[in-house]
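Data first, discussion second: the structure below is written as structure tokens.
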Amino acid sequence: MLKRCYRVQESQVRYWAQQAVELCDAIDDESIESVKESLLEAIELMGHDRRIVLIGAGHSGKSTLLAGMLGVPVLTRVAPVHHYTRWRYMNNDGDASHCRFLPEPNLYGLELVDTRGCENPAVAEAVAPMLPGADAVVAVVDARAVQASPVWEMLAPLPVEGGPACLVAITHTDSLSAEQSVTLADSVRNLCQERIGRVIPVYQLNPTNQSLADDFGTKVVAAVERSSGGLRIAIREVMKRGGDLLYKQGSILKARDAVARTDSGFLQSIEQEIDNFQNRQKQGVRNCVLNYSASAQRCMPRLLHHLRRSMGWFLSPVVLLRLESYASASEELYYNLVLQDVMQQQEELDKQFVHSCNGHWRSVRPRMKQALQCEIGEFPDSELEKELSELRLRLQNSLHEPFRMLKVRSHFAALFKCQVEWMRFFTTSMCLSLIVAGLLGVCMLESLALIFMGISAAFWLLGTLIHILVVRKICRMMRKEAEPLRECFSTHMSDLVQDMIVSRVAAYRRLYTGPRQRVADYETTLAPLQQRQSEIFRQLRSAAPHV
């Protein structure tokens, strides 16, 4: 009878092979990914339906033979769909074309293809592409028309090695004489040799005889299992690839066990290297602080240049109206200039720091792999740069503290406030003189009007001269007011820079958290993984002892 063999063994092998695949996730090692994928492919191939195709001329007894092999007489009363019908128990591959489903558990994992008369060119053309990929091809030959059977032309292209298992079933032998029946099998074998170039098994049977049809179905199943696509070979392949995967997993766990048993001196040496790196970084704190504090002086010329352009070279009411806002604007501009200069220096220092860390990481990576069997991968510069940007933001937020402590804005405000009285006097005098000159001009007193216009011009010229001198004085006073800022920067930034260096090195040190944690976890997770791997290996070997 047609049935799928080794179903129990297949189920057990599949289960333990899947357990081996799941163990890969717990081990988490990239070196076994390719072996795992190979095992998954073998598991998928093992689960494929085994296809058996019946070909022959019309009314040669294909459907009757198929019904006899399955023990389902109803098949003889079902006409094929189009050119062929695929009989199945369930749809495992999502392809339901030409399918009819039988509620026969013995049909599980099998696909039986019943064809129409293959002497029809359309049928032969539709069936031919299925034959090379089939697991078995049963050529049903009518004993009354052996020479004219279309099966010989369909079998001829099939390969001898790696192709489907081929069998010849001779039907309607009851219409032959006893002498013809005796020599029929030999003549058919000779015909096979002549027409297709090889001899294939030949069986004489009566499809209506349930016992003979059932026995022939057993022979077909045996032929399928002997073929390259048989389930027995597929199970062996899964067991082989599963064994390879478990062997590699055992090697990895053995190496980790060796790592777990070794002294932690290697990790301590890495920590010592990072400590030395931090000490070298701290040696540059003084120079870094001096450069940051020098920003207060480097940015002062730019501030004064901007102030001169803003106040202009001439006295005007606009300068008087904007005088009160100069203090806050100058302090804000000064802070932004210093901040920009400090951030540029810090970004350059961070680039040098990342470059140094990258060099150290490249030196540690091969040593880590050799000593601890731990692959730390490429240098995660993006992760480190993200933390450095957060540290620069903290530095930026703290830079305003020296300005607040020295009350820079208040000193600037007092400096500009002293200029209000004389500017107001000269501006008012100049405007009143112009008003009087205008009124006199309306009264046709041109001489007096010219005199007052001259007085207004004199006020403007004198005020402008004073304005130029005052601007120069303000610039000197602002430079003098900013001198304590350098010392305040030096005091304020010393601890801040040292904390920043420690935080930067700590950010680099955290990049080794994963490898350190992985090695530390070996002691707690290694024993269960080894026990699980050993159990899977034992169960997989015993899953199909007779296969």
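Tell me, Kirkwood radius of the range 405-486 from alpha-carbon pair distances, in Å?
The Cα-based Kirkwood calculation yields 14.9 Å.
Compute the projected area of the convex hull of the Cα atoms of the chain, averaged over all viewing directions, and report it in nm² to one decimal place.
Details: hull surface 194.6 nm².
Convex hull of Cα atoms, orientation-averaged projection: 48.7 nm².
Could you give me D for the range 65-191, from Stokes-Einstein at 37 °C and 0.692 mPa s, where the hydrodynamic radius is the Kirkwood radius over C-alpha pairs? Units µm² s⁻¹, please.
203 µm²/s
So for the range 262-347, what are the equivalent ellipsoid semi-axes in whole Å, largest first, each being the square root of 5 times an eigenvalue of the Cα gyration tensor?
Gyration-tensor ellipsoid for the range 262-347: 50, 11, 7 Å.
Using the Cα centre of the range 50-228 as the reference point, and only Cβ charges (+1 on K/R, -1 on D/E), how large is the resulting charge dipole? Debye, rounded to the nearest 20.
180 debye
Looking at the calculated P(r) for the range 305-399, what percent of the C-alpha pair distances fall above 18 Å?
Beyond 18 Å sits 66 percent of the P(r) for the range 305-399.
Which net charge results for the neighbourhood of GLU33, defined as the other residues with beta-carbon distances under 12 angstrom from its beta-carbon, given Lys and Arg at +1 and Asp and Glu at -1?
-3
Sorted by mean Cβ packing within 10 Å, highest first, what order do the peptides 531-538, 441-448 take?
Listed from highest to lowest mean packing, they are 531-538, 441-448.
Taking 0.36 nm per residue of sequence separation and subtracting the Cα-Cα distance, how much length would be gained by fully extending the chain between THR464 and GLU161, in nm to one decimal?
Working: separation 303, 0.36 × 303 = 109.08 nm, distance 10.90 nm.
Extending this stretch completely gives an extra 98.2 nm.
Pop a pseudo-label 7 angstrom from the Cα along the beta-carbon direction at both ALA96 and ASP499 and give the gap in nm to one decimal.
7.0 nm
What FRET efficiency comes out for the pair ALA457/SER410, r = Cβ-Cβ distance, R0 = 60 Å, nearest 0.05?
Here the calculated transfer efficiency is 0.95.
For the range 242-386, take the convex hull of the Cα atoms, compute a quarter of its surface area, and give me that in nm², please.
So the mean shadow area of the Cα hull is 14.6 nm².
For ASP95, ASP341, what's the fewest-to-most ordering of other Cβ within 10 Å of each Cβ?
ASP95, ASP341
Determine, for each peptide in 143-154, 313-324, 214-225, the mean count of other beta carbons within 10 angstrom over its residues, then list the peptides with the highest first.
Values: 143-154: 17.3, 313-324: 14.7, 214-225: 19.4.
Top to bottom by mean Cβ count within 10 Å: 214-225, 143-154, 313-324.
Could you list HIS355, HIS360 in order of exposure, starting from the residue whose Cβ has the fewest other Cβ atoms within 10 Å?
HIS355, HIS360
Could you estimate the translational diffusion coefficient of the range 1-147 from the Stokes-Einstein equation, with Rh from the Kirkwood formula over C-alpha pairs, at 4 °C and 1.567 mPa s, in whole µm²/s?
74 µm²/s
Going Cα to Cα from LYS36, which lysines come in below 18 Å? Please leave out same-chain ones fewer than 8 positions away.
Cα-Cα hits under 18 Å: LYS240, LYS248.
Distance in nm between label sites at ASN190 and LEU333, each 7 Å beyond Cα in the beta-carbon direction?
11.6 nm
Under the Kirkwood approximation applied to all pairs of distinct alpha-carbon atoms, what is the hydrodynamic radius of the range 332-452 in Å?
Computed over the range 332-452, the radius equals 21.0 Å.
Ranking request for peptides 171-178, 429-436, 500-507: highest mean number of other beta-carbon atoms within 10 Å first, then the rest in descending order. If you can, show how the numbers build up before the last one.
Numbers: 171-178: 13.2, 429-436: 16.5, 500-507: 18.2.
Most protected by this proxy first, the peptides run 500-507, 429-436, 171-178.
TRP422 versus SER211, label points 7 Å from Cα toward the beta carbon: distance in nm?
If labels sit at TRP422 and SER211, their model points lie 13.6 nm apart.
Readers should treat all values here as calculations from the given coordinates under stated rules, not as data from a laboratory. Predicted model only: the values in this text are computed from it and were never measured. Glycine also receives a Cβ, built like all others from the backbone with ideal geometry; neighbour counts cover every protein chain displayed.
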